[in-house]
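Below: one structure in structure tokens.
What follows is calculated from the coordinates using simple rules that are stated; it is not laboratory data. These numbers were taken from a predicted model, which means no experiment stands behind them. Cβ coordinates were reconstructed from backbone atoms using ideal geometry, including for glycine residues, and neighbour counts include every protein chain displayed.
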Amino acid sequence: MSRLLAALVAGMLLVLALVLLLNFWGEEKIHDAPPLTPPSGESVARGAYLVRAGNCQACHTARGGAPFAGGRPIETPFGTVFAGNLTPHATGLRDWSADHFWRALHHGRSRDGRLLYPAFPYLNYTRVTRGDSDAIYDYLRTLPAIERRNMPHRLRWPYSTQAALAVWRALYFRPGTYRNDPTQSAQWNRGAYLVAGLGHCGACHAARNVLGASSDMMDLSGGVMPMRNWYAPSLASPAEAGVGDWDPAHTVQLLRTGVAPRATALGPMAEVVLQSTQHLSPADLRAMALFLGSLSQGRPPARPAALKARKAERGAKLYGEHCASCHGDDGEGVPGAYPALAGNRAVTLPLAANLVQVVLGGGFAPATAGNPRPYGMPPFATVLGDADVAAVISHIRAAWGNHAAAVDELAVARQRGGSGL
């Protein structure tokens, strides 16, 4: 018995040592003192641009609060995480050095050594270069100093413990940097760097396991966004949101304005376009378009769909009453105003969650500099019941050559309840 106990203790100590090694491997010595001299104007301007590319303000600004002062709640399946204060106040980043900031992005650790929760997407930001990290730090130092203490996270046990987080990181996180692919052009590599790193596209467009981890942030294979009831479609599949057969100019147009001949940015993606991608340089947008276009090629396969006669009749009637005046009798839409539904990949995604969200809550493209007065779709949550929503969406997914599975009334009810609509 004593030998067995000794073996168990030795095994536990070995696992603990491995977890600690994996959590602190490769960290450099930290210089604690913040710089005494102001940053250069060039570095600040570059940092401001990179902050836009990373869409930092979206998470680090509470509704109605000062920009970058933190406090915004981020709901996760494990509880609520609150974004931190990024302004140069004592309650924010005043006492942080550039090394501390780099460690947060690259290693996912705070100034005091705490492990950060991956709601802060350091799994992507670890690919950001030290030069870009320093420029972002320099820009944040120039913001107005706002006093706002960071709010304690509200996570369930054991997810609230640093021990559990350390084990999670040992399993799923390795610090790294983006390395150029020598077989690709400089423009392609720039696009890959933006998509994989600061753009953190994989934070939404990658599937996650029950512990909230993704095996590869570069696969961009699509996934349900936890707690938001939106599906971020695959950026690598021609049947979902792959742009391999698009004119790259149309991909640029979508990222810059939120609308393109074959797509409209709605929901969370509309927020990304509004606050981030519309502000990127034409060169960076072209680089992202080139990289995204290389992920998928070919035509999407047709999927058979069968719809019961009664449900089909009901859906067609509802479509005629509520949808045809904008989207057309044959789902042809109006170019530049109302998207076509016939042949629309967003309509025939394997999961209909986005369609349910749009029908219940409305669909609104972002008001961007390139499209300042976008057309929108009103919400129907108070007009249509769950059975009606299921019927009209099922009709749209099976009409005019579309081939996608019907939507169940229960699925609509669950999504309506989860969205508070």
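Under 5 Å between amide H atoms, partner at least 5 residues away or on a different chain: which partners does Trp230 have, H built in plane at 1.01 Å?
Met225
To continue, here is another question. Could you line up Arg262, Arg63, Arg103 from fewest to most neighbouring Cβ atoms inside 10 Å?
Arg63, Arg262, Arg103
With the Cα gyration tensor of segment 20-172 giving a ≥ b ≥ c as the square roots of its eigenvalues, does the rule (a/c under 1.5 for rounded; else a/b larger than b/c for prolate; else oblate) give rounded, prolate or oblate?
oblate
Calculate, in whole percent, how much of the Cα-Cα pair population of segment 186-293 lies beyond 17 Å.
The calculated P(r) of segment 186-293 puts 52 percent of pairs beyond 17 Å.
Apply 1/(1 + (r/R0)^6) to the Cβ-Cβ distance of Thr129 and Cys326, taking R0 = 60 Å, and write down the FRET efficiency to the nearest 0.05.
That pair, Thr129 with Cys326, gives E of 0.85.
Name the long-range amide H neighbours of Gly363: under 5 Å, sequence gap of 5 or more, or other chain; modelled H, no Pro or chain starts.
Under 5 Å from the amide H of Gly363 lie the amide H atoms of Met377, each far enough along the sequence or on another chain.
At a 10 Å Cβ-Cβ cut-off, how would you order Lys29, Lys317, Lys311, fewest neighbours first?
Arranged by neighbour count, lowest to highest, Lys29, Lys317, Lys311 become Lys29, Lys317, Lys311.
What angle do you read, to the nearest 10 degrees and between 0 and 90, between the alpha-carbon axis of helix 41-54 and the longest principal axis of the chain?
50
Taking 0.36 nm per residue of sequence separation and subtracting the Cα-Cα distance, how much length would be gained by fully extending the chain between Tyr375 and Arg63, in nm to one decimal?
109.8 nm
Would you list the P(r) distribution for segment 309-419, with all Cα-Cα distances sorted into 10 Å bins from 0 and each bin expressed as a whole %?
In order of increasing distance, the bins hold 15, 49, 30, 6, 0 percent.
Could you give P(r) for the chain, binned at 20 Å from zero, as whole percent values over all Cα-Cα pairs?
Each 20 Å bin holds this share of Cα pairs: 24, 52, 22, 2.
Could you calculate the FRET efficiency of Ile74 with Glu409 from 1/(1 + (r/R0)^6), where r is the beta carbon distance between them and R0 is 30 Å, rounded to 0.05?
Numbers: r = 31 Å, r/R0 = 1.03.
It comes out at approximately 0.45.
With everything on Cα atoms, drop me the angle between helix 282-293 and the longest principal axis of the chain, reported from 0 to 90° to the nearest 10.
Helix 282-293 and the main axis of the chain meet at about 70 degrees.
Still on this structure: What is the order of Trp157, Trp188, fewest Cβ neighbours within 10 Å to most?
Trp157, Trp188
Enumerate the calculated ³J(HN,Hα) couplings along segment 366-375 in order (Karplus 6.51 cos²θ - 1.76 cosθ + 1.60, θ = phi - 60°), each rounded to whole Hz, writing x wherever the residue is Gly or Pro.
Residue by residue, segment 366-375 yields x, 8, 10, 4, x, 8, x, 10, x, 6 Hz.
Something else: How large is ³J(HN,Hα), in whole Hz, for each residue of segment 194-203 in order, when computed from phi with the Karplus curve 6.51 cos²θ - 1.76 cosθ + 1.60 and θ = phi - 60°, using x for Gly and Pro?
Per-residue couplings from phi come out as 5, 5, 7, x, 4, x, 5, 4, x, 4 Hz.
For the pair Ala337/Arg174, report the inter-label distance in nm, with labels modelled 7 Å from Cα in the Cβ direction.
Those two pseudo-labels are separated by 5.4 nm.
Given H placed 1.01 Å from N in the peptide plane, which residues other than close sequence neighbours of Ile74 have an amide H under 5 Å from its amide H?
Val81, Phe82, Ala83
Okay, moving on. Can you work out ³J(HN,Hα) from phi for every residue in segment 103-114, in order, using Karplus 6.51 cos²θ - 1.76 cosθ + 1.60 and θ = phi - 60°, giving whole Hz and x for Gly and Pro?
5, 5, 6, 8, 10, x, 10, 7, 4, 7, x, 4
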